[in-house]
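Below you'll find the structure, written out as structure tokens, and then a few comments.
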Amino acid sequence: MPEPTKKEENEVLAPAPAPTPEEPNKEKEAGTSPGKDEEDASPPVALPPGLGSRALERKDSEWSIGESPAGEEQDKQNANSQLSTLFVEKPQGGSVKVGENITFIAKVKAEDLLRKPTIKWFKGKWMDLASKAGKHLQLKETFERHSRVYTFEMQIIKAKENYAGNYRCEVTYKDKFDSCSFDLEVHESTGTTPNIDIRSAFKRSGEGQEDAGELDFSGLLKRREVKQQEEQPEVDVWELLKNAKPSEYEKIAFQYGITDLRGMLKRLKRMRRVEKKSAAFARILDPAYQVDKGGRVRFVVELADPKLEVKWYKNGQEIRPSTKYIFEHKGCERIMFINNCVLTDDSEYYVTAGDEKCSTELFVREPPVMVTKQLEDTKAYCGERVELECEVSEDDANVKWFKNGEEIIPGPKSRYHIRVEGKKHILVIEGATKADTAEYSVMTTGGQSSAKLSVDLKPLKILTPLTDQTVNLGKEICLKCEVSENITGKWTKNGLPVQESDRLKIVHKGRIHKLVIANALVEDEGDYVFTPDAYSVTLPAKVHVIDPPKINLDGLGDDNTVTVIAGNKLRLEIPISGEPPPKAIWSRADKAIMEGSGRIRAENYPDSTTLVIDIAEKDDSGVYHINLKNEAGEAHASIKIKVVDIPDPPVAPNVTDVGDDWCVMTWEPPVYDGGSPILGYFIERKKKQSSRWMRLNFDLCKETIFEPKKMIEGVAYEVRIFAVNAVGISKPSMPSKPFVPLAVTSPPTLLTVDSVTDTTVTMKWRPPDQIGAAGLDGYVLEYCFEGTDDWIVANTELIEKTKFTITGLPTDSRIFVRVKAVNAAGASEPKYYSQPILVKEIIEAPKIRIPRHLKQTYIRRVGEAINLVIPFQGKPRPELIWTKDGAPIDKNQINIRNSETDTIVFIRKAERSHSGKYDLQVKVEKFVETASIDIRVIDRPGPPQLVKIEDVWGENVALSWTPPRDDGNTAITGYTIQKADKKSMEWFTVIEHYHRTSATITELVIGNEYYFRVFAENMCGLSEDATMTKESAVIAKDGKIYKNPVYEDFDFTEAPMFTQPLVNTYAVAGYNATLNCSVRGNPKPKITWMKNKVAIKDDPRYRMFSNQGVCTLEIRKPSPYDGGTYCCQAVNDLGTVEIECKLEVKVIYQGVNSPGQPVFLEGQQQLHSKDF
């Protein structure tokens, strides 16, 4: 049978594509066990687990482990690997000799990983090496706690040739994935080729051995002479195997060229099984068929029923009639012919009839490959390309090349390449050397050939000799020569070897040799010699280094301009070079600058020349020249010196427009920019009454217009400008004219109809939400009749109140009403009533709206205030009558206050006599509405009536008592029991919130005498007094007398300390704002609030609270004037502590009639009636 054909000699077979769903059944029927094959193979193996023998015999099922996968799944993994990298150190490829060990290391950073990542090692595409760990393969992992790095190692022990190939390491963690591929090269150790038959070189070692499943090419390592084999008659190998003993299997396989003995034994095992009798087939297919390559085979089955339909299959795919596959029917026989058999026809076939099938195996044998054209002895010179050529009897046959008996394994970095052109096989040696002189041989499955290769040196010719050079200091020295051969050589300087460095490079490119010295120095001068290796020829040259004068102006920029600020000292040092040191001369306008002590002078040194200007002036600007001269040449340069200063201040800015908290200002650039372009401007502002200016922009303003914001409405401001150039900031401009930001108020709110008569309409509204610094002067109420657009002003003067009655209206007319708020900035946007109002008085039946909390019994404690507000409706104004428990209310004890919309019941200090049912009657003409309210005034209960000691035993006392006579006008919720030792009479609570009238007191101290007392409790609290037992309870004692330890009282005093500080707060004008902090201390500290270091006292706009150490300051409807620094001070006997915060009040303006109109302090615009 034929051997598997390889693409490259160093490639290893990898798994074939996944089998079809029917193939696992075939393997099961054949008795194959993938698990057993995996155990027999030594890791890493050339064949992955589960690979059948057929994959080794067909060219179309071969894969190279070194090839990159093209599957869609591998593409996704590669994409994931680019997105998420986990490796910090990836395993690198390596090489090892047969029998030696090698270790591959991968490291993963664990800083962002919550658990250990999962790592897998693969050979080829699919073979997982985790199950192969054993004496040839060991996997190890460690974790370094300090660096938090996982280290994973794979060690291959006693490597073999078939371990070579491509490996892959994959690491995964949750949705992260990383992969790395690396190669392993295994080189054979030097030896001689044994004298064995070439067919045995391609055998497979038997099952159960250490190298099971691996290709064994050791038989090729020994040369032998090819013997002409005699032609033998055709023999059926299957019959020989079936009749032979198991000990003779290997002998038969070697004799008849069987390359896959294991696969044939598995099939033989299936053939020996007892077949079940078939109902569909009278005669089934033979277990196996054998045919030579290019031959014809005939499959025959006989049916029990000729009417059954028959289908033929190959590897699960149905076979259709063609020129290759021919079907015949002869009675009950069904015949299939396969013409011109090739290696791909080597497969499993089966035929189906009804629900039954029978199968067979076809083996296609390939004749041995013979060498038809022998190798020829060859002579060559070093560096030439050598080709050794032979021809074999088959196209693309498997051929091996040897050098002195050692197999040649070509690789990407090897000089040996093998080229196949049909039957022609060529060994190519690139750039032959003397080491390539050897005997080369080629071997096939049916023959071999050898030839000698001799490589000698070519005669050396000097094509380009070295030449003497004279170079400038700092330039590149390049000594170049060319010889006729591509050989190496050595460089010497003054008889000493030349060593390479960052500045000195030795270049060998083909036949050209270079010595390159970058940035030549004086010490590089000398005699240089190049000597080719293996030749007695020398190439000398002399190098002479000179240095003309140079001026280094790199630090001055492209235009060689030096800028100096007026009044500063300039010391301009220019580096120069030259050998010998050059003489420097400075000049300006054809006038030399001498060395000396003048204000402008020159100073010369061996490696630099300096121009000094003590106090720079504006007239010192100009072009200065430098002239250098020495024996090697001259150098000239010009330097421009520019004296600059800060710009003049701009003129005073103009304020062109103002708003509620902003303005628009413009200005002109300064007349003199200081010799440097203006880079921008800084803007400052201040309050007119203040002397502190505040910077408005920290980034330069490039334009001559700016809009300051966040100003306080109603406060006069001034602004000024600074010009900035590269030198610095100018003096400030003159301040602008004072201006005041002002804005109109927002519209009034909640415009409603208060009352309507036959000739009047009374409207009421609420003030605007935002008033602003301009304040509120009053309101204008306007109305118009339905169907017209003429608005009539109802009030001749501004209304200060939020209620107004429109008089003189026709009865039954309909009007629309609106109201505006007016201040110094003008009138606000109007607030409209949503619908027309009918001028006609309407009687409205009374209706009482009892609040939800008054619909159930209203409970208050004795001494608390009672303030009940009961809204009602009704027009005209209703008549109200209050009664208590059916009797009129005593107005000396209970205050009743009535308005048009509600009635108020007020009791300053409630007493229990105020409890009862209160009835309210609201009457409008003949309509009457009533409502009732239950009020209960409660107090703390009295003490229990009698407390008795019922029994005393051990450490326990049983107590009982009777409920109090006075329950405080509410139910008793529990009792509190206390005990006291007769010696100290200090009372301690034993039980709280106890609901029964008897209790047992336990865990009393033996030898003590106790009294007990009981408090009654309701929702108001404990009774003021307690009832104590008349007699005491003595707890009998036995044994020693216990003396109570004496404990010192703990000092709970503490200086005040803020546990929660005040926080800087922004508030909106018109909305209440609160400042909160928390403080602790003992004794309880006194809290004082201050604004701008002034204590807040008796101010109705502020409310202060302190509850459980939490201090709160409430500011009612703040305005911008309420902004500032607030301080909370806590004081007690142990100290004082303060904490501060800033409050900023922002104003939101809406509805400006003329937005953006500036308002100045001088010449303010007057408000006219037409503005309203």
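The values are calculated or read from the model by the stated rules, or taken from the named source; none is laboratory data. Keep in mind that this is a model prediction, so the values were computed, not measured. So basically every Cβ, Gly included, is an ideal-geometry build from the backbone, and we count neighbours across all protein chains shown. For accessibility, only protein heavy atoms count, side chains too; no ligands or nucleic acids. Shrake-Rupley method; radii C 1.70, N 1.55, O 1.52, S 1.80 Å.
Looking at Pro738, Thr757, Asn725, which one has the Cα that reaches farthest to the positive end of the dipole of region 657-771 (charges on Cβ: Lys, Arg +1; Asp, Glu -1)?
The residue sitting farthest along the positive end of the dipole is Asn725.
Please work out how much accessible surface Thr807 shows to a 1.4 Å probe, ignoring ligands, DNA and RNA, in Å² rounded to 10.
90 Å²
For the full complex of protein chains and a 1.4 angstrom probe, list Lys314, Lys926, Lys97 by accessible area with the highest value first. Walk me through the numbers before you get to the answer.
On the way: Lys314 40, Lys926 165, Lys97 115 Å².
Descending order: Lys926, Lys97, Lys314.
Residues of region 1111-1140 with the amide nitrogen closer than 12 Å to a label point 7 Å from the Cα of Thr1088, along Cα-to-Cβ, please.
What the label zone holds, given the 12 Å backbone N cut-off, is 1128-1132, 1136-1138.
Return the loop-located GluC sites (Glu not before Pro) in region 626-686 (DSSP other than H, G, I, E, B) with at most 14 other Cβ atoms within 10 Å of their own Cβ; answer none if there are none. Can you show the working numbers first?
Numbers: sites: Glu631, Glu634, Glu684; in loops: Glu631.
Qualifying residues, ordered by number: Glu631.
To the nearest 10 Å², what's Lys490's accessible area with a 1.4 Å probe?
Ignoring ligands and nucleic acids, Lys490 comes out at about 130 Å².
If R0 is 25 Å, what FRET efficiency do you get for Thr103 and Ser414 from their C-beta distance, rounded to 0.05? Please report the intermediate quantities before stating the final value.
Numbers: r = 24 Å, r/R0 = 0.98.
Efficiency, rounded to the nearest 0.05: 0.55.
List the trypsin sites (Lys or Arg not before Pro) within region 927-979 that DSSP assigns to loop and that have no more than 14 neighbouring Cβ atoms inside 10 Å.
Here the sparse-neighbourhood loop sites are Arg965.
Pairwise over distinct Cα atoms, reciprocal of the mean inverse distance: report the Kirkwood radius of region 1060-1151 in Å, one decimal place.
Details: mean 1/r = 0.0724 Å⁻¹.
It works out to 13.8 Å.
Report the label-to-label distance for Arg861 and Asn560 in nanometres (one decimal), using points 7 Å from each Cα along the Cα→Cβ vector.
Rounded to a tenth, the inter-label distance reads 9.7 nm.
Which cross-chain or sequence-distant (5 or more) residues have an amide H under 5 Å from the amide H of Leu375, H modelled 1.01 Å from N in plane?
Sorted by chain and number, the residues that satisfy this are Ser450.
Along Cα→Cβ, 7 Å out, is where each label goes; now give me the distance between the ones at Asp175 and Asn568 in nm to one decimal.
5.7 nm
For Lys591, go through the lysines and keep the ones whose alpha-carbon is under 24 Å away, minus same-chain ones fewer than eight residues off.
Qualifying lysines at Cα under 24 Å: Lys550, Lys569, Lys583, Lys618, Lys629, Lys640, Lys642.
Note down the net charge around Leu479, summing +1 for each Lys or Arg and -1 for each Asp or Glu among other residues with Cβ under 15 Å from its Cβ.
Values: positive: Lys475, Lys480, Lys490, Lys493, Arg503, Lys505, Lys509, Lys514, Lys542; negative: Asp468, Glu476, Glu482, Glu500, Asp524, Glu525, Asp527.
Its environment carries a net charge of +2.
Report the residues of region 616-633 in range of a label on Ile585: point 7 Å along Cα→C-beta, backbone N strictly under 19 Å from it.
Of the residues in region 616-633, 623-633 have backbone N under 19 Å from the label point off Ile585.
Compute the distribution of all C-alpha to C-alpha distances in region 861-995, in bins of 10 Å from 0, and list the percent of pairs in each, rounded to whole numbers.
Using 10 Å bins, I get a P(r) of 10, 28, 20, 14, 13, 9, 5, 1, 0 for region 861-995.
Report the charge-dipole magnitude of region 483-603 in Debye, nearest 20, computed about the Cα centre from +1 at each Lys and Arg Cβ and -1 at each Asp and Glu Cβ. Don't skip to the end; give the middle numbers.
Details: 16 positive and 17 negative charges, 45 e Å.
Dipole size: approximately 220 debye.
With no solvent and one point on each alpha carbon, what is the Debye value of log10 I(q)/I(0) for region 501-578 at q = 0.20 Å⁻¹?
-1.03
Over region 1004-1090, what is the mean sequence separation of C-alpha contacts under 8 Å (at least six apart), divided by residue count, expressed as relative contact order in percent?
Numbers: 84 pairs, mean separation 20.6, N = 87.
Relative contact order comes out at 24 percent.
Give me the percent relative contact order of region 284-432, please, defined on Cα pairs under 8 angstrom at least 6 residues apart. Mind showing how you got there, number by number?
Details: 283 pairs, mean separation 30.9, N = 149.
Relative CO of region 284-432 lands at 21 percent.
Give the calculated FRET efficiency between Asn1064 and Ile881 to the nearest 0.05, with a Förster radius of 56 Å applied to their Cβ-Cβ distance.
Working: r = 56 Å, r/R0 = 1.00.
After rounding, the FRET efficiency stands at 0.50.
Stretched out fully, how many nm does the piece from Gln835 to Thr796 gain, at 0.36 nm a residue minus the Cα gap?
Values: separation 39, 0.36 × 39 = 14.04 nm, distance 2.45 nm.
Length difference between fully extended and current span is 11.6 nm.
Give me a comma-separated list of calculated 3J(HN,Hα) values for region 963-975, in order, Karplus coefficients 6.51, -1.76, 1.60 applied at θ = phi - 60°, integers in Hz, x for any Gly or Pro.
With the stated coefficients, region 963-975 comes to x, x, 5, 9, 8, x, 6, 7, 6, 6, 9, x, 9 Hz.
List the relative contact order of region 589-649 as a percent without decimals, with contacts defined as Cα pairs under 8 Å and 6+ residues apart.
23 percent
What FRET efficiency would be calculated for the residue pair Ser998, Asp1025, taking the C-beta separation as r and a Förster radius of 25 Å, to the nearest 0.05?
Details: r = 21 Å, r/R0 = 0.82.
The computed FRET efficiency comes out at 0.75.
Could you work out the mean projected area of the convex hull around the alpha carbons of region 764-850, in square nanometres to one decimal? Mind showing how you got there, number by number?
Working: hull surface 32.0 nm².
Result: 8.0 nm².
For Lys709, which lysines qualify as cross-link partners when the Cα separation must be under 21 Å and same-chain residues fewer than eight apart are set aside?
Lys686, Lys687, Lys688, Lys737, Lys1142, Lys1146
Would you calculate the separation in nanometres between label points at Asp657 and Ala971, each defined as 7 Å from the Cα along the Cα-to-beta-carbon direction?
The two pseudo-label positions are separated by 7.3 nm.
What does the charge dipole of region 947-1083 about its Cα centre add up to, to the nearest 20 debye, if the Cβ of each Lys and Arg holds +1 and the Cβ of each Asp and Glu holds -1? Could you put the intermediate results ahead of the total?
On the way: 12 positive and 19 negative charges, 15 e Å.
Once rounded to the nearest 20, the dipole reads 80 debye.
About its Cα centre, how strong a charge dipole does region 376-470 have in debye, to the nearest 20, once Lys and Arg get +1 and Asp and Glu get -1 at the Cβ? Intermediate results must be reported in sequence, preceding the final value.
Values: 13 positive and 17 negative charges, 68 e Å.
Once rounded to the nearest 20, the dipole reads 320 debye.
Checking the table Lys801/Lys1093; Lys855/Lys923; Lys324/Lys400 against a 29 Å threshold on Cα-Cα, which pairs fail?
Details: Lys801/Lys1093 36 Å; Lys855/Lys923 21 Å; Lys324/Lys400 34 Å.
Too far apart for the 29 Å limit: Lys801/Lys1093; Lys324/Lys400.
Could you name the lysines whose alpha carbon sits less than 27 Å from that of Lys979, not counting residues in the same chain fewer than 8 places away?
Lys948, Lys1030, Lys1037, Lys1040, Lys1043
Between Ile843 and Gln92, 0.36 nm times their residue separation minus their Cα-Cα distance comes to what? Intermediate results must be reported in sequence, preceding the final value.
On the way: separation 751, 0.36 × 751 = 270.36 nm, distance 10.11 nm.
Length gained, Ile843 through Gln92: 260.3 nm.
Ranking request for peptides 148-154, 889-895: highest mean number of other beta-carbon atoms within 10 Å first, then the rest in descending order. Could you put the intermediate results ahead of the total?
Values: 148-154: 17.6, 889-895: 11.9.
My ranking of the peptides, most packed first, is 148-154, 889-895.
How large is ³J(HN,Hα), in whole Hz, for each residue of region 1102-1109 in order, when computed from phi with the Karplus curve 6.51 cos²θ - 1.76 cosθ + 1.60 and θ = phi - 60°, using x for Gly and Pro?
Per-residue couplings from phi come out as 10, 10, 10, 10, 8, 9, 6, x Hz.
Report the Stokes-Einstein translational diffusion coefficient (µm² s⁻¹, integer) for region 916-996, Rh taken as the Kirkwood radius over Cα pairs, at 10 °C with viscosity 1.306 mPa s.
Working: Rh = 17.1 Å.
Here the translational diffusion coefficient equals 93 µm²/s.
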